[in-house]
1. Kindly indicate which of Asn175, Asn166 is closer than 20 Å to Arg32 by Cα, part of a loop (DSSP other than H, G, I, E, B) and open to solvent by 40 Å² or more (accessible area, probe 1.4 Å).
2. From the list Ile136, Ile153, pick out the single residue that is touching a residue at least 12 places away in the same chain (Cβ under 8 Å) and either out of contact with any Pro (no Cβ under 7 Å at 6 or more places or on another chain) or open to solvent by less than 10 Å² (accessible area, probe 1.4 Å) (or both).
3. Has segment 74-86 got at least one residue that is open to solvent by 30 Å² or more (accessible area, probe 1.4 Å) and either at pLDDT below 95 or closer than 15 Å to Leu159 by Cβ (or both)?
4. Does segment 55-70 contain any residue that is out of contact with any Pro (no Cβ under 7 Å at 6 or more places or on another chain), closer than 19 Å to Pro176 by Cβ and of a type outside the set (Lys, Arg)?
5. Out of segment 147-191, which residues are farther than 30 Å from Pro203 by Cα, touching a helix residue (DSSP H, G or I) at 6+ places or on another chain (Cβ under 6 Å) and not aromatic (Phe, Trp, Tyr)?
6. Can you confirm whether segment 97-110 contains a residue that is among the aromatic types (Phe, Trp, Tyr) and surrounded by 17 or more Cβ atoms within 10 Å (Cβ to Cβ)?
Amino acid sequence: MLDHPAEPWPGLLPMADDERIARATEFRDHLRTRRTCRYFSATPVPRAVIEAAIEAAGTAPSGANHQPWHFAVIASPALKAQIRTAAEEEERAFYAGKAGPEWLDALGPLGTDPEKPFLEIAPWLIVVFAQRRGGIDARDDKQNYYVNESVGIATGLLLAALHAANIATLTHTPNPMRFLNRVCKRPANEKPVMIVVAGHAAPDATVPLHALRKKPLEQISSWL
């Protein structure tokens, strides 16, 4: 064993295999009800829900345990309006041809366009930043490792936690996103990864049928 401070593995509650299968199946079925939402209401969501979801995201594994993520949470109407204005400017260029025909053709069945009203309507925007340097302590300035992988896992846990609270979400990735550093007052060595829009779905919200198509188990796994 390595010579470093440690404590015993906490262990997990004893469980029979049939209960393990039942729990995994139940969790799978719950996540299967998750949908990307593009139509939000302005109905408030308690801050405590967002805090708990971010704390859940913070339990993700990360390279060297440096936890190279930061979640900038925005409720200010003025800041949300700034983000919408800047994002739609980039989106108009994207849909005008910057994306290329193949990418635009792939987006066609989803019915997306440059208009992003959800950025102002939803009660919360969570801007996910990846930190190239940092460390576990607030004043650290160390090299971070496996940043993209670590932030991706944390964001997945964030989405799962919000879904568990019956909160609708959307992952939005305007390109480029550097304007988010300015709006969120984050340092240049942090890279904005995405905006997670969180709130309640509008009463008339719909989901494109194309978005319901998920690859089956045999297509996403191999057993060796």
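1. Values: Asn175 fails: closer than 20 Å to Arg32 by Cα.
Just a single option satisfies the conditions, and that option is Asn166.
2. Numbers: Ile153 fails: either out of contact with any Pro (no Cβ under 7 Å at 6 or more places or on another chain) or open to solvent by less than 10 Å² (accessible area, probe 1.4 Å) (or both).
Being touching a residue at least 12 places away in the same chain (Cβ under 8 Å) and either out of contact with any Pro (no Cβ under 7 Å at 6 or more places or on another chain) or open to solvent by less than 10 Å² (accessible area, probe 1.4 Å) (or both) holds for just one of Ile136, Ile153, which is Ile136.
3. No - not one qualifying residue is present in segment 74-86.
4. Taking segment 55-70 as the starting set, the residues that turn out to be out of contact with any Pro (no Cβ under 7 Å at 6 or more places or on another chain) are 55-61, 63-70.
Right, trim to closer than 19 Å to Pro176 by Cβ and you get 70.
In the following step, the residues that additionally are of a type outside the set (Lys, Arg) were identified as 70.
Scanning segment 55-70 turns up at least one residue that is out of contact with any Pro (no Cβ under 7 Å at 6 or more places or on another chain), closer than 19 Å to Pro176 by Cβ and of a type outside the set (Lys, Arg).
5. Hits for segment 147-191 are Ser150, Val183.
6. As a first pass, look at segment 97-110 and keep what is among the aromatic types (Phe, Trp, Tyr): 103.
Right, trim to surrounded by 17 or more Cβ atoms within 10 Å (Cβ to Cβ) and you get none.
Within segment 97-110, not a single residue is among the aromatic types (Phe, Trp, Tyr) and surrounded by 17 or more Cβ atoms within 10 Å (Cβ to Cβ).
Results for (1) touching a residue at least 12 places away in the same chain (Cβ under 8 Å); (2) on the phi > 0 side of the Ramachandran plot; (3) open to solvent by 60 Å² or more (accessible area, probe 1.4 Å); (4) of a type in the set (Asp, Glu), shown as yes or no for each residue.
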| residue | (1), (2), (3), (4) |
| --- | --- |
| Ala6 | no, no, yes, no |
| Leu12 | no, no, yes, no |
| Asp17 | no, no, yes, yes |
| Ile21 | no, no, yes, no |
| Glu26 | no, no, yes, yes |
| Cys37 | yes, no, no, no |
| Pro46 | no, no, yes, no |
| Ile54 | yes, no, no, no |
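The values are calculated or read from the model by the stated rules, or taken from the named source; none is laboratory data. Remember, it's a predicted structure, so these values are computed and weren't measured experimentally. Note that we place each Cβ from the backbone using ideal geometry, even for glycine, and neighbour counts take in every protein chain shown. To get the accessible areas, we keep the full protein, side chains included, count just its heavy atoms, and leave off ligands, DNA and RNA. Shrake-Rupley method; radii C 1.70, N 1.55, O 1.52, S 1.80 Å.
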